Amino acid sequence: MRPLFTLAILFLSIPAWAQQVAVRGTVYNAITREPIPFAAVSVVGKAAGAISDENGNFVIAELAPGFYTFECTALGFKPLQKAEIQILASRERDLEFALEENNVAVAEVEVVADARVKRAESPVSVRSIGATEIKRNPGGNRDISKAIQSLPGVASGVSFRNDIIVRGGSTGENRFYVDGIEVPNINHFATQGASGGPVGLLNVNFIEEVDFYSSAFPSARGNALSSVMEIRQINGRTDRLGGSFTLGSSDLNFTAEGPMGKKSSFIASYRKSYLEFLFKALELPFLPTYQDFAYKQTIKLNSKNEITILGLGAIDDFSLNTEANETEEQRYILDNIPVNTQWNYTIGTKWRRYGPAGNTTVVLSRNMLNNEAIKYQDNITSPERLIQNYQSQEMENKVRIEQTGKWREVSFTLGAAGEYVRYLNSTFNRLPFGVLVDFSGSIDLFKYAFFAQADRYVGDRLRVSAGLRGDGNSFNNRMVNPFKNLSPRFSASYALNTQLKLNASVARYTQLPAYTVLGYRNNIGQLSNENATYITSDHYVSGLEYSTTKKLRLSTEGFVKQYRSYPILVREGISLANLGADFGVIGNAPVSSVGSGRAYGFELLAQQQLSTRFYGILCYTYVRSEFSNADGRLAPSSWDNRHLVSATGGVLLGKNWELGLRYRYGGGQPFTPYDLAASAQKQNFDITGRGINDFSRINAERLPSFQALDIRIDKKISRKRWDLDLYLDIQNATNSKAQGQPFLTVVRDAAGNPLEDPNSPSAYQVKTLPNISGTLLPSVGIIVEF
């Protein structure tokens, strides 16, 4: 990294130029997109602002690069703020203010501009994160999943995973939408049948804002039980061609953007990792590599019609470094990790048309996942040593139509959605106790849904919202009728005074089991899980929210989630939620949809948005998560962390320096101890290469808690038409260690051969190895925007 620091010193030695940048934008009605003239747009805390013209356009000239909060007010509309907007010397900033009509009697309840997300259908359990917060998140390495882990109710997980664990729900209970187009997974090396992975695949340079719902989901967003993430991306710049270059410790990224004619703009990026060189130098036994691509084009046909074209793709390879085999830990990993290849993509088009009574949105999209894994005993490639050969593909073709409008005092959304799904699976897997799984097959099914949502004010202080969703599919007769799979929901928000609100929500949500479950077959080709049905979860949430005009927010929420029809693994007799998730595939096994579960707890939040120099967010969550097994008894799930603490804050120092800190604490996760006798059997260990869990004691033990401190330091430099950001991001600055379940392996002689148990000729001698993760991980990078 010496050349990078030398470059930084050279840049720091150049005197700063006080660049002035223009901010342009548009103010319009959020439902009809009619321009709002004579709206006042001001810079909070500055003597700068503008009035929109008859077309709703405004220009604020001569702002120095930095962070600003913009406020827009117009007669008859709710005020709106956009907080922590970064202004760069390299580009003019375009802002859009979509204002909602104001039906509240202002004499009774004062309406104050708010930069935090407000959704009528979701007065509780929704948080908004801007691109600036994601970029500056300490230890996050500009990764959206890691930034989300700073919010209440979200468990951090171990350091090498991006799993989003929300309020005691599994990692597969989350859904992601980018510009209204569903993206099945937002991470590299995804766990099929769940989600997560070690590295995010979304380019933060594209992101404008993220709305994160941990309950009270909009009815237009289905197939989720724990969270919905709405990711809004920026539009490409329209004035000239520009871009950015990012060089980090693990990858490099190039982004380009600019106009495409008078009515269109684009933004595109490519990223390539070079982790394999670092891992090989560190003598790690595995070598991951990844690439990703992103593209967005915005076409504004006229003031009433807009088309968005989206493309996302990723290529992931996971190979073995067989030369790194000197220690027992290295050999254990080599014996257990398969060679994995994975690629996925999402392409989609969204057309939105605005009319006098509302707007219509039509979304067409296709996504595909290809996942392959192969493993040989002792990594010797020969047919008789084949342990696992897995090949699978998921393909979804989707259409969704939404109509949003207003009738008298009622705002509403109506719509329908349909999908054609094709899933292919070829599995060869040798399991313990002589079990062999060997099948190939495919399934084709149609999914369909309808949804409706409406909200209105009742008096001056109470706002209520009600929604209904029905989902069905052609997989079997249990799920074919959407009127038998209804998801009603209701929420309310009552203003006790101008600063204090009482919020509540009750809802039912449904989710289709993973395709790995639906498409699993026995060895003669018959579907094993043909009686599967929707998983349901009933949410009950209530809370108080206190906010001030000084950007301070305090809130508390209590939640209860009750699950039914949760898949239970037939062979092991345990719930999928009690199995956990790791790399590989989840749900590729026979199941029975008879499980139940519950998660409950409360959250505390204190948030100070950027005010002059300081910002911070402090969260505490208490959560319990329990799911039933085949015997009907509840056991702690793999997501039962109990205590979660996250504190993130920072300060803007002089001369464009910024310091950020994040502290994380997570209670120890449960784990299932080993069945030592079964693990030691030669026929089992030769196949698995690891310990076999004793599922009669499911999650009976618990790991120690984990805590870590992350630090980020940024130095920003602005020059004429370009910007530079030099950063040092230190993950786990205290070098804290997370203890995982110990590895179980065999005792070997000097030649590496397993030793037989003298008391049992059919078994090996076994022992445990420590499973410690977590290390101080500094990341130095440079970002150039031009």
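A few remarks follow.
- Residue that is aromatic (Phe, Trp, Tyr) and in contact with a Ser or Thr (Cβ under 6 Å, 6 or more places away or on another chain), where the choices are Tyr290, Tyr270: Tyr290
- Listed by position, the strands (runs of 3 or more DSSP E) inside the range 560-646 whose residues that are open to solvent by less than 20 Å² (accessible area, probe 1.4 Å) and either of a type in the set (Phe, Trp, Tyr) or closer than 30 Å to Lys82 by Cβ (or both) number at least 1 are 591-611, 614-628.
- Ser638 being of a type in the set (Gly, Ala, Ser), within 12 Å of Tyr563 (Cα to Cα) and touching a residue at least 12 places away in the same chain (Cβ under 8 Å): no
- Being in contact (Cβ under 8 Å) with a residue 40 or more places away in the chain and touching a Pro at 6+ places or on another chain (Cβ under 8 Å) is a property that holds for Ile692.
- For the condition surrounded by fewer than 19 Cβ atoms within 10 Å (Cβ to Cβ) and either touching a Pro at 6+ places or on another chain (Cβ under 7 Å) or of a type in the set (Gly, Ala, Ser) (or both), Ser440 qualifies.
- Some residue of the range 438-447 being under 30 Å from Pro123 (Cβ atoms), assigned to a strand (DSSP E or B), in contact (Cβ under 8 Å) with a residue 24 or more places away in the chain and not acidic (Asp, Glu): yes
- Scanning the range 744-753 for residues that are of a type outside the set (A, V, I, L, M) and surrounded by fewer than 18 Cβ atoms within 10 Å (Cβ to Cβ) yields Arg748, Asp749, Gly752, Asn753.
- Of all residues in the range 484-517, those that are assigned to a helix (DSSP H, G or I) and closer than 19 Å to Arg175 by Cα total 3.
- Any hit, the range 453-472, residues being within 30 Å of Ile347 (Cβ to Cβ), surrounded by 15 or more Cβ atoms within 10 Å (Cβ to Cβ), free of Cβ contacts under 8 Å to residues at least 24 places away in the same chain and within 28 Å of the chain's Cα centre (by Cα): yes
- Residue match in the range 692-702 (condition: part of a helix (DSSP H, G or I) and either open to solvent by less than 20 Å² (accessible area, probe 1.4 Å) or under 30 Å from Gly650 (Cα atoms) (or both)): no
- Residue match in the range 519-530 (condition: closer than 28 Å to Tyr620 by Cα, in contact (Cβ under 8 Å) with a residue 60 or more places away in the chain, surrounded by 15 or more Cβ atoms within 10 Å (Cβ to Cβ) and in contact with a Leu (Cβ under 7 Å, 6 or more places away or on another chain)): no
- The range 259-295 - residue that is hydrophobic (A, V, I, L, M, F, W, C) and assigned to a helix (DSSP H, G or I) and, of those, surrounded by the fewest Cβ atoms within 10 Å (Cβ to Cβ): Ala281
- Ile782 out of contact with any Ser or Thr (no Cβ under 6 Å at 6 or more places or on another chain) and open to solvent by less than 70 Å² (accessible area, probe 1.4 Å): yes
- Selection within the range 705-743 - basic (Lys, Arg) and surrounded by fewer than 16 Cβ atoms within 10 Å (Cβ to Cβ): Lys720, Arg721, Lys737
- Each residue in the range 753-786 was checked for being under 24 Å from Ala677 (Cβ atoms) and not basic (Lys, Arg), and 18 pass.
- Looking across the range 459-481, the residues that are in contact with a strand residue (DSSP E or B) (Cβ under 6 Å, 6 or more places away or on another chain) and under 27 Å from Gly358 (Cα atoms) come down to Arg461, Leu462, Arg463, Val464, Ser465, Ala466, Gly467, Leu468, Arg469, Gly470, Asp471.
- Matching residues, the range 647-682, being of a type in the set (S, T, N, Q), over 26 Å from Asn629 (Cβ atoms) and open to solvent by 50 Å² or more (accessible area, probe 1.4 Å): Asn656
- Residue-level analysis places Thr246 among those that are in a strand (DSSP E or B), at pLDDT below 95 and either open to solvent by less than 20 Å² (accessible area, probe 1.4 Å) or among the charged types (D, E, K, R) (or both).
- Complete set of residues in the range 296-328 that are more than 30 Å from Glu276 (Cα to Cα) and part of a strand (DSSP E or B): Gln297, Thr298, Ile299, Lys300, Leu301, Asn302, Asn305, Glu306, Ile307, Thr308, Ile309
- Asn325 vs. criteria at negative phi, open to solvent by less than 20 Å² (accessible area, probe 1.4 Å) and polar (S, T, N, Q): no
- Of all residues in the range 537-548, none satisfies being within 24 Å of the chain's Cα centre (by Cα), more than 30 Å from Gln607 (Cα to Cα) and in contact (Cβ under 8 Å) with a residue 40 or more places away in the chain.
The values are calculated or read from the model by the stated rules, or taken from the named source; none is laboratory data. Every value quoted in this text rests on a predicted model; they were computed, and no experiment measured them. Heads up, the Cβs are rebuilt from the backbone with ideal geometry, glycines too, and the neighbour counts pull from every protein chain shown. Areas reflect the complete protein model, heavy atoms only, side chains present, ligands, DNA and RNA absent. Shrake-Rupley method; radii C 1.70, N 1.55, O 1.52, S 1.80 Å.
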